[in-house]
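This report refers to the structure that appears directly beneath it.
The values are calculated or read from the model by the stated rules, or taken from the named source; none is laboratory data. As the structure is a computational prediction, the values presented were derived from the model and not from experiment. Note that each Cβ is placed from the backbone with ideal geometry, even for glycine, and that neighbours are counted across all protein chains shown. Ligands, DNA and RNA are stripped out before the accessible areas are found, and what is left, the full protein with its side chains, is counted by its heavy atoms. Shrake-Rupley method; radii C 1.70, N 1.55, O 1.52, S 1.80 Å.
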Amino acid sequence: MKYRIDIPFARFPLAAKPTPLHPLANLGAALDIRMPYVKRDDLTGLAFGGNKARQLEWYFGQAAEKNADTVLITGAVQSNYVRMAAAAANLAGMECHIQLEDRVKEMPDLYHTNGNAFLNRLLGAKVHLFPDGENENAADRKLEEIASQLKFDGKNPYIIYLGPGRPPLGALGYVEAAAEILTQAETMNIKLGSIIVPSGTSYTHAGLLVGLRSLNSRIPVYGICVRRDADSQAKRVLETCRALEKMLDMKHLVAITDVLTSDRHLAGGYGRIDSQTIEALTVTAKTEGLCLDPVYTGKSMAGLFSMAREGSLNEATTVYWHTGGTPALFAYQDSLAEVIDKKL
């Protein structure tokens, strides 16, 4: 059976889909759990891949409908979102302005010059700096100021907003992805027990929940917090679910009890790492040859490790959703190298 959800919004194709669903036999053995699987959204293509390719398809679809010639987006210095938006703009023949927020304080020079920061330059994006990393509304207002100047200069800009309160077009990518994972699991004869994702903007987490529930699937989705505490994140995820349900003319499908979040691996905030994140990075690399990043996937894999050790994963198959972000590894070399070398 092929699952399908009709989404009545314009899309600009960017992601290589479906992404593979691979077993993690060695990691399962190391954790002494039923073999988990990994959903390889790090392989969506487009400038090192990642989950944002699925999301950006819908923003660029709308931008193309509006005949935009310039796209604006904001994010942290090592944001995967802005890196992939710059690549998408090149494919769409648009100019791209990215705003980099000072969200992770007191980081070494390497953090500001390597990884995604370097790729932004390679991709030719026009970079703006924003000193406040914790005020999404202020960051969006600054984008609007830049867009106003671009309009004055004769451009037709399109803004991809960061803060809540606007239609979450990007989350449509993961409504669609829910149908993809259910189709793969049925084809591969896999009984899905749970899905683990990093939960930040909420779009991946909320999109999967709405998609699964619309297809009558009760599979739990565990969101490992990467930016804010569990209660705040749960509220944000539910708000995004409600906005999606409204956009798609659906009744309320996602219950409050469906929104599962954990901030045990927040490690002091966005972009910060601790020993549990480093363990998840190193063990996954050494057992599966699978590279994670310190900001999102390392933390969500640490969440899987904790759940495995506590025995809280059910007997069916756990899917770890790899959302990409590996270029950020190179920006964290100073933080990781000493610990990694000791483990060798």
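Across region 291-302, computed HN-Hα scalar couplings (Karplus, 6.51 cos²θ - 1.76 cosθ + 1.60, θ = phi - 60°) run 8, 10, 10, x, 8, 10, 6, x, 5, 5, 5, 4 Hz from first to last residue, x flagging Gly and Pro.
For the chain, a Gaussian network of Cα nodes joined below 10 Å ranks 257, 113, 204 by mean-square fluctuation, and the top entry is 257.
Based on DSSP H runs of at least 4 residues, each adding -39500 (n - 2.57), what is the mean residue ellipticity at 222 nm of the chain after dividing by all its residues, to the nearest 500 deg cm²/dmol? When only DSSP H runs of four or more count, the value is -13500 deg cm²/dmol.
Phi-derived couplings, Karplus 6.51 cos²θ - 1.76 cosθ + 1.60 at θ = phi - 60°, listed residue by residue for region 132-144: 9, x, 10, 10, 4, 5, 5, 5, 5, 5, 5, 4, 5 Hz, with x used for Gly and Pro.
Seen from all directions on average, region 169-294 presents a Cα convex hull projection of 8.2 nm². Shown are 305, 330, 118, whose ranking by accessible area with a 1.4 Å probe and every protein chain present, most to least, is 330, 118, 305.
In the structure shown, the pairs 105/126; 66/151; 39/246; 191/246; 66/155; 66/235 are assessed against 24 Å; a Cα-Cα span above that value is assigned to 39/246; 191/246; 66/235.
For residue 156, the amide hydrogen comes within under 5 Å of the amide hydrogens of 69, 70, counting only partners 5 or more places away or on other chains and with H modelled in the peptide plane.
Here the dipole of the chain is about 620 debye; that uses its Cα centre as origin and unit charges on the Cβ of Lys and Arg (positive) and Asp and Glu (negative). Counting heavy atoms of the protein chains alone, residue 263 has an accessible area of about 60 Å² for a 1.4 Å probe. A Gaussian network model of the chain, with springs between Cα atoms under 10 Å, assigns the largest mean-square fluctuation among 35, 247, 188 to 188. Highest mean first, the peptides 42-48, 63-69 sorted by other C-beta atoms within 10 Å per residue fall in the order 42-48, 63-69.
The largest accessible area among 224, 7 belongs to the first residue in 7, 224, and the rest follow in falling order (1.4 Å probe, all chains). Tell me whether region 70-181 comes out rounded, prolate or oblate; compute the Cα gyration tensor, take square roots of the eigenvalues as a ≥ b ≥ c, and use a/c under 1.5 as the rounded threshold. Note, shape of region 70-181 comes out rounded. Considering only 19, 50, 62, the residue lying farthest towards the positive end of the dipole of region 13-76 is 19, judged by Cα position with unit charges set on Cβ.
Heavy-atom accessible surface of residue 70, to the nearest 10 Å², is about 0 Å², with a 1.4 Å probe and all protein chains retained. Selection among 260, 314, 244 by position relative to the dipole of region 233-344 gives 244 as farthest towards the positive end (Cβ unit charges, Cα centre). Annotation: amide H-H contacts under 5 Å for residue 261 (H modelled 1.01 Å from N, sequence separation of 5 or more, or interchain): 223. Pairwise Cα separations in the chain fall into 20 Å bins from 0 onward with the following percentages, short to long: 32, 60, 8, 0. Close amide H partners of residue 76, meaning residues 5 or more places away or on another chain with modelled amide H under 5 Å apart, are 101. In terms of accessible area, using a 1.4 Å probe and ignoring ligands and nucleic acids, 130, 9, 60 rank largest first as 9, 130, 60.
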